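The values are calculated or read from the model by the stated rules, or taken from the named source; none is laboratory data. For clarity, every value in this text was computed on a predicted model and none was experimentally measured. So basically every Cβ, Gly included, is an ideal-geometry build from the backbone, and we count neighbours across all protein chains shown.
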Amino acid sequence: MLRGEFWRHFDFWLLGAVILANAFGIAMIRSAIAGNETLLPQVNRQILYAGIGLAVIVIVTLLDYRYWSSLDRVLYLVTMLFLVILYISGIARFGSARWFTVGSILIQPAEIAKLAMIIALADYFARSQDAPRDWFWLAKSLLIAVGLMIWILLQPNLSNAIVIMVIWAAMVWVNGLQLKHLAAIIVTGLLAFTAGFPFLPTYQQERILNFIFPPANASYGATYNVSQALIALGSGGWFGKGYGLGTQTQLRFMKVRHTDFIFSVIGEEFGLVGAVLTLALLAFIIYRCLRAARLARDPFGSLLAYGVAVLISFQAAVNIAVNLNLMPVSGLPLPFISQGGSGLLSLMFGIGLVESVIVRHKSLEFA
């Protein structure tokens, strides 16, 4: 493909939206830190990760996405190896072992696993396009998902394990899941959750139970932060209190306000209008990913872009639902906006895959 023709198909709208989301996220992280000197380095670190992420997008775009089809097994096995090693010797933070430390950098293999899962499932479904949609076809795809999910669950990291299974369910559905299979999945999932609930870590059980049966006094304890988030969102009104002027944020009533609850910071400082515009920005990114899936030249490329769209949309939906007290606290960040290194870089890698698909959506042309 001619160089000019190559870049002519590049989705600059998608890239621009991702850059805007990153820039807005950095600004909101700076406000959410609220002068905390311990957290202040996170702003520069986020800028660094965003810069590296942009380079990752360009590099992954230049690589033909079809190469990942031949590397999917290697990527899958290497990711599983990292997860196993992490389970054996990982760093425990907040009651679980989820990170490797390299100098001052924390690497979370579960974030890599999401992309490895998308690539592995996209390759499997692309290769089995003509296979009958029977129990064997379904079970084989489920084994691919469970192979990584189980090690994430053992960290324990329930939220990212659920993300893996949602990606699997969405990709199975779009590839022709039968209704009887769907019914079986729903029933099995409910039974598995019921049977597995007593074996969940205590803090995960408390999050679920406190959501279903909220305590009479929510001003302290496990529901404290959710209550503060709702106060922040409600006090923002239509246009918010102004950047850096949110009382719940600046007086540090909310915990993890630069990660899990950054949407509440947005709502308090920019109001309903700011929150809706944030949703619109994320929706636009998801739309461009789905557009790439529709225009892809082959099933593998289409499923790659679709998988990335599912990943972004599900994490965004869960994060916002947690802030609105519509779901139990999960720990999933708001894509491109919450503070985080591995999570941001994995999303930028996913955007690079989408760009690689869209620039090659026509037949190859030779000079």
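For Arg252, the requirement of being of a type in the set (D, E, K, R), in contact with a Ser or Thr (Cβ under 9 Å, 6 or more places away or on another chain) and at pLDDT below 85 is not met. Can you say whether Ser338 is in a loop (DSSP other than H, G, I, E, B) and either touching a helix residue (DSSP H, G or I) at 6+ places or on another chain (Cβ under 6 Å) or of a type in the set (A, V, I, L, M, F, W, C) (or both), as far as the supplied structure shows? So Ser338 passes the test. Taking the criterion of being buried (at least 21 other Cβ atoms within 10 Å of the Cβ) and either more than 30 Å from Ala275 (Cα to Cα) or out of contact with any helix residue (DSSP H, G or I) (no Cβ under 7 Å at 6 or more places or on another chain) (or both), the residues of region 28-71 that qualify are Thr61, Tyr65, Trp68. Annotation for region 195-202: at least one member residue is touching a residue at least 40 places away in the same chain (Cβ under 8 Å) and farther than 19 Å from Val84 by Cβ. Quick check on my filter: what residues within region 325-345 are polar (S, T, N, Q), closer than 15 Å to Ala229 by Cβ and crowded, with 24+ Cβ neighbours inside 10 Å? Result: Ser338, single match. Among the residues making up region 287-312, those that are surrounded by fewer than 19 Cβ atoms within 10 Å (Cβ to Cβ) and in contact with a helix residue (DSSP H, G or I) (Cβ under 6 Å, 6 or more places away or on another chain) are Leu290, Pro299.
Among the residues making up region 247-277, those that are crowded, with 24+ Cβ neighbours inside 10 Å, part of a helix (DSSP H, G or I) and touching a residue at least 40 places away in the same chain (Cβ under 8 Å) are Thr249, Ile262, Phe263, Ser264, Val265, Ile266, Gly267, Glu269.
Scanning region 131-152 for residues that are basic (Lys, Arg) and without any contact (Cβ under 8 Å) to a residue 40 or more places away in the chain turns up just one, Lys140.
Annotation note: of Leu347, Leu281, Leu326, Leu303, the sole residue that is farther than 18 Å from Trp68 by Cβ and either assigned to a helix (DSSP H, G or I) or of a type in the set (Val, Ile, Thr) (or both) is Leu281.
Helices (runs of 4 or more DSSP H) fully within region 2-79 that include at least 1 residues being under 20 Å from the mean Cα position of the chain (by Cα), among the charged types (D, E, K, R) and closer than 30 Å to Ser264 by Cβ: 41-62.
In region 131-176, the residue that is modelled with the highest pLDDT out of those that are among the polar types (S, T, N, Q) and within 14 Å of Glu111 (Cα to Cα) is Asn160.
Among the conditions (1) surrounded by fewer than 14 Cβ atoms within 10 Å (Cβ to Cβ); (2) modelled with pLDDT of 95 or more; (3) not aliphatic (A, V, I, L, M), the only one that Ser89 does not satisfy is (2).
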